[in-house]
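The values are calculated or read from the model by the stated rules, or taken from the named source; none is laboratory data. Remember, it's a predicted structure, so these values are computed and weren't measured experimentally. So basically every Cβ, Gly included, is an ideal-geometry build from the backbone, and we count neighbours across all protein chains shown.
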Ligand code: GLU
């Protein structure tokens, strides 16, 4: 049975890299009746924050990546945060001390610093020089019992080599001399990642570890730790790194414009859909062998294969996110989309009536890139439209007088129309443009500006239908008055 885990440290914002790691884990678990476990690696007490922990959970839920075991859910291996599991790691560190795979190191910080500096000067790799490695068991016990502070280090074999297998990259072999005697437990008794994660993965019955490739460097150490316990190894997959949009260098939070973000919840607030984020991050590092790029979770679950994970770095492409988001928006049903838009109107201080918004949504759905765009496109339906200036009402190439003439003729026609529908209004107004020797766009531009107060709007006649006859006629008259004022100014001049 597949058991996978997503094991974030609650030390910062939840970014698209975390989103993708969690997603791949979910896809693998859901292909079989496996489990997806959320484990919180909070042993870095200085950097862990409750805000970050809350954000991880909120973002995962928003993305539809609900965990089967973990915080708030419980499960057979609770607790799921490492700080609450510290005794378990201490017991395991003791096992390694007992079987000779670890040792206590009493070296002071000053001594270690001096060693490091010396190595740097000699242009040697910086690593522990092994001073405490050969302490006798008796001396080690005696000094510990006397209350001398110590860390516990892994006793990496000094000869031979270690071969580990990454499912994306195949076998990786390193000389053991290149692997440091890493610290497993700090002086305060808290285990570090190297020990804690290995113990938890074993205890929690993890079958596949899908994690970031920043762990490739210490991957051999991790395999050695597992082997020192005599445990079976999970299958390891180190996922590709994200590159900046330029393709040069690793992506970081500084590489975005004010219209972009690498944080899941910030992207949510900008109006991106979880569906779009998932299908976008999924393709940065994996192929799904589908013609259709926009797979939903079910489609991805069906097609996901570890063999199709790609270890090459993936460039972050925000245009693609926009493209995916627009496409996802167009796939949504009207009621669904309306529901998702409402919070954006509320945020803009517009109290949008859901029933009215639902009538407007079909007009704007084809043009939205983000949900937030809807406020610009459709805000006019919910607020008082300010009067336009004569300048705004006069299309290029016409004088205000000509614009007034056109508007009066159009207004007369609209007033006389018995039905206030697109079908009834559009054809006679097109004919009118022709009669006046105007392009339809010029005439419609004057009407659009008069009625919506903006030069760009959702389709004009459909919008007029929604705004309603009375309000439309009032706004047309108001625009006429403005143009008349400009005309008399022209005369006076
Ligand atoms: N806590 C580690 C991190 O956030 C987890 C790595 C792992 O998945 O094992 O990078």
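For the range 400-421, a tally of residues being free of Cβ contacts under 8 Å to residues at least 60 places away in the same chain and either more than 30 Å from residue 354 (Cβ to Cβ) or buried (at least 16 other Cβ atoms within 10 Å of the Cβ) (or both) returns 10. Just the residues that are more than 9 Å from the ligand (Cβ to nearest atom), farther than 18 Å from residue 162 by Cα and outside any helix (DSSP H, G or I), please, taken from the range 193-220. Selection gives 204, 205, 206, 207, 208. The residues on offer are 73, 4, and the sole one that is away from the ligand (no atom under 14 Å from the Cβ) and touching a strand residue (DSSP E or B) at 6+ places or on another chain (Cβ under 9 Å) is 73. Per the listing 349, 299, 333, 339, the residue uniquely surrounded by fewer than 18 Cβ atoms within 10 Å (Cβ to Cβ) and either at pLDDT below 95 or at positive phi (or both) is 349.
Count of the range 36-90 residues, restricted to those that are at pLDDT 95 or above, closer than 30 Å to residue 103 by Cβ and touching a helix residue (DSSP H, G or I) at 6+ places or on another chain (Cβ under 9 Å), is 13. In this structure, residue 19 qualifies as over 19 Å from residue 193 (Cβ atoms), more than 10 Å from the ligand (Cβ to nearest atom) and buried (at least 20 other Cβ atoms within 10 Å of the Cβ). When residue 227 is tested against (1) in a helix (DSSP H, G or I); (2) under 29 Å from the mean Cα position of the chain (by Cα); (3) away from the ligand (no atom under 15 Å from the Cβ), just one condition goes unmet, and that condition is (2). Being in contact with a strand residue (DSSP E or B) (Cβ under 9 Å, 6 or more places away or on another chain) and closer than 21 Å to residue 234 by Cβ is a condition met by no residue of the range 121-144. Among residues of the range 176-192 being assigned to a loop (DSSP other than H, G, I, E, B) and under 15 Å from residue 41 (Cα atoms), the one that is farthest from the ligand (Cβ to nearest atom) is 190.
Any chance you could count how many residues in the range 68-95 are farther than 30 Å from residue 25 by Cα and either crowded, with 17+ Cβ neighbours inside 10 Å or free of Cβ contacts under 8 Å to residues at least 12 places away in the same chain (or both)? Give the derivation first.
Quick first cut of the range 68-95, residues farther than 30 Å from residue 25 by Cα only: 94-95.
If we keep only those that are either crowded, with 17+ Cβ neighbours inside 10 Å or free of Cβ contacts under 8 Å to residues at least 12 places away in the same chain (or both) too, we end up with 94.
Result for the range 68-95: 1.
Do we have any residue at all in the range 4-14 that's farther than 22 Å from residue 195 by Cα and crowded, with 18+ Cβ neighbours inside 10 Å? Yes, some residue in the range 4-14 is farther than 22 Å from residue 195 by Cα and crowded, with 18+ Cβ neighbours inside 10 Å. Determine the pairs where a residue that is touching a residue at least 40 places away in the same chain (Cβ under 8 Å) and over 20 Å from residue 23 (Cα atoms), located within the range 191-218, has a partner that is near the ligand (Cβ under 10 Å from one of its atoms) and part of a helix (DSSP H, G or I) with Cβ atoms under 8 Å apart, the partner being 6 or more residues away or on another chain. Note: pairs meeting the criteria are 191/82; 194/222; 196/82; 200/82.
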